[in-house]
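Inspection log for the structure reproduced underneath, given as structure tokens.
The values are calculated or read from the model by the stated rules, or taken from the named source; none is laboratory data. Here the structure is a predicted model, which is why all the values come from computation and not from measurement. Here the Cβ positions follow ideal geometry from the backbone for every residue, glycine too, while neighbour counts run over all protein chains shown. Areas reflect the complete protein model, heavy atoms only, side chains present, ligands, DNA and RNA absent. Shrake-Rupley method; radii C 1.70, N 1.55, O 1.52, S 1.80 Å.
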Amino acid sequence: MSDPDVPTQPPSERDASASSDAAGLKPAPFFVIGCLRSGVGVLRSMLQRHPQLASPEPTHFFRWAEPFGTEPLFRLLLTHPTLQAQRTQDGISEAEFATLLRQSSSRAELYNRYMALFLARRRPSARRWFDATPQNVYGALLAASSMPRAKFVHVVREPLDVVASLRAGRAGRPEPLTAACASWNEATQIAQGLKRAFPARVYEVRYEDLLRDAHQQLRLLLSFVDEPYEAAWFEGMKIQPVARRADSVVSDDEQALVRTLCAAGRRRYGYEQTPPEATAGPISNKVPGARHAARASQSAS
């Protein structure tokens, strides 16, 4: 990509976007991921109430597979109208974003530069950023590998409701049933792979549990990312009851097909009550071997 003709940043903002260490962006960030229409945006709105956390509009930096620095990826990031509108909301001009792209050698470096500038512009009191782009689930393994201290929160929702919402689509463009099922299956399968690879860095929460007991779920989640919790920060949240859209959008035969196509994931996350051993209990976020390691450490000491 040819270097765009952009103005030079003021020294204060240039310094702010230089690196995460220079900007004091500690502790490490975290990513909220999941299938579209699974509640990532709802959780983002809740976490934005935390005085020490800030999240920009969805960035999509890890969404596409093209290597960083290639013309196809830069063209997507620079010219996508939705991303342009979201950068405006973040307080970052197109010229500034082009400069950040040109200065960065990886997605991780781009994130550090972008977030430093975003915090300086929109939330200077926050000490930590998090990203809530659902589609970044497709690049979650790369994100985990290139940002080794980052953590991940996976939001999962009953696929019947996700499929109904996806199928309704936006601007009258409904999602095909099989494509909507694939969106849910792919997101949950990637999340499971990420959790197997980095069990101590992945936390999962059901959308339904989040709405049913928001304060308890937020307390647990914030503990996972090593942030304090105070109930007063989250008072006044408008929490809507879980809405079941499937019955009005998806026919009985189509619902049966969704249950078949998403059967394994529905059992895994407690949405399918057969076989009998499947339950709707809490999602396990225990780290395999953690108790054994703790006992070994105590014995050694």
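Brief remarks follow.
- Residue count for segment 41-63, restricted to those that are in a loop (DSSP other than H, G, I, E, B), in contact (Cβ under 8 Å) with a residue 60 or more places away in the chain and either small (Gly, Ala, Ser) or surrounded by fewer than 16 Cβ atoms within 10 Å (Cβ to Cβ) (or both): 4.
- Cross-chain or 6+ apart pairs with Cβ under 6 Å, segment 134-146 first and polar (S, T, N, Q), then in a helix (DSSP H, G or I): 146/108
- Selected residue [open to solvent by less than 20 Å² (accessible area, probe 1.4 Å) and either acidic (Asp, Glu) or more than 24 Å from residue 57 (Cβ to Cβ) (or both)] from 143, 164: 164
- Test: residue in segment 69-82 that is closer than 14 Å to residue 134 by Cβ and assigned to a helix (DSSP H, G or I): yes
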